[in-house]
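J.: Let me give you the structure first, and then I'll get to my questions.
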């Protein structure tokens, strides 16, 4: 039988490969620009840092985050007395991981679980970001891990949202609580809680409407849904997960700020990370909003929803450069 360490090592390697493959677009853009920069500058000087700043901003890392990274890089380069630009790559990757985690522990990506009774995850986000699909993928994964899952189709506003979630429920083999289109979302969630409890479910995942045209209505609706959940289950919802489309870049940041005002967002789910060259938005969101990214979509398959891992993410950004350096070391 393989040892636990070997199993864990294989698991980490598999996750790293998924992030590497899923971040190909961002990495190709990012790595090309970094390699070009390193090729043009033999020594680390002020001009080098100015151009590096532009590269990071173009990857949507965010202006505030970039300024912080550059400042820390300059200090670290001086401290280590680094002169050759080739040796800066490693420091950049270190600082990106540090920027993400800040003062927090490295287990912040784990979804909270209520061991005593029903765990409730409330999903929020605008239409079109992949919210319902993400709920379906998460339900499938949790079911495959042996969890009993119930879904509540609380997006009663959008035509087809109820049917879409119902279809995902059938695929994942989990129960879906639904009302007719136009019903009160809070009533659906209430029935979802009752059903999940009666069936002995471990986890209830609640969908919600995502219209932003009238922010007051959105806030009122989400507040009402939360009150119903809190009344029925103390300390719930255990996660309020905001789904954002990575391909929208800074627009996703704007949505995050709006929803953070409307409800207590505890984590971000970033979809379509494989479809953008601006994957740095992960770092921008974490740095500016102080909200951790909990899940990321790295492809269209049901298994392509991954728990976020900052080390694997940074490896995904730098994989080509890391592999190049390892090859050079082996050759020499």
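J.: In what sequence, highest mean first, do 16-23, 31-38 appear when ranked by Cβ atoms within 10 angstrom?
T.: Result, highest mean Cβ count within 10 Å first: 16-23, 31-38.
J.: Oh, and also: On a 0 to 90 degree scale, rounded to 10, what angle separates helix 215-232 from the longest Cα axis of the chain?
T.: 70
J.: For the chain, what is the relative contact order in percent, using Cα pairs closer than 8 Å and at least 6 residues apart in sequence?
T.: Worked out over the chain, it gives 27 percent.
J.: Do the sum for the chain: with -39,500 (n - 2.57) for every DSSP H run of n ≥ 4, divided by all residues, what is the mean residue ellipticity at 222 nm, to the nearest 500 deg cm²/dmol?
T.: -18000 deg cm²/dmol
J.: Let me ask another. With everything on Cα atoms, drop me the angle between helix 185-199 and the longest principal axis of the chain, reported from 0 to 90° to the nearest 10.
T.: In the chain, helix 185-199 runs at an angle near 80 degrees to the longest axis.
J.: While we're looking at this one, here's another question. Sort 292-298, 110-116 for me by packing, meaning the mean count of neighbouring Cβ atoms within 10 Å per residue, highest on top.
T.: In decreasing order of mean packing, 292-298, 110-116 become 292-298, 110-116.
J.: Something else now. Can you work out the PRE-style zone for residue 288? Point 7 Å along Cα to Cβ, and I want the residues of the stretch 254-270 with backbone N under 14 Å.
T.: Those under the cut-off are 254-261.
J.: Using only Cα atoms and rounding to the nearest 10 degrees, what angle (0 to 90) does helix 63-80 make with the longest principal axis of the chain?
T.: With both axes taken from Cα atoms, the answer is about 40 degrees.
J.: Just order 278-285, 187-194, 142-149, 39-46 by mean Cβ neighbour count inside 10 Å, highest at the front, would you?
T.: 278-285, 187-194, 142-149, 39-46
J.: Once the Cβ-Cβ distance between residue 187 and residue 10 is put in as r, and R0 is 56 Å, what FRET efficiency do you end up with, to the nearest 0.05?
T.: So, using R0 = 56 Å, E works out to roughly 0.75.
J.: Rank the residues 150, 258 as a footprinting-exposure proxy: fewest other Cβ atoms within 10 Å of their Cβ go first.
T.: Ranked by crowding around the Cβ, least crowded first: 258, 150.
J.: In whole angstrom, how long is each semi-axis of the equivalent ellipsoid of the chain, when you take the square root of 5 times every eigenvalue of its Cα gyration tensor and sort them from largest down?
T.: Over the Cα atoms of the chain, the ellipsoid semi-axes are 40, 22, 16 Å.
J.: Also, quick follow-up: Please list the equivalent ellipsoid semi-axes of the stretch 107-182, computed as the square roots of five times the alpha-carbon gyration tensor eigenvalues, in descending order and whole angstrom.
T.: 22, 14, 12
Every number here is computed from the coordinates shown, using simple stated rules; none is lab data. Computed from a predicted model, the values in this text were never measured in an experiment. Heads up, the Cβs are rebuilt from the backbone with ideal geometry, glycines too, and the neighbour counts pull from every protein chain shown.
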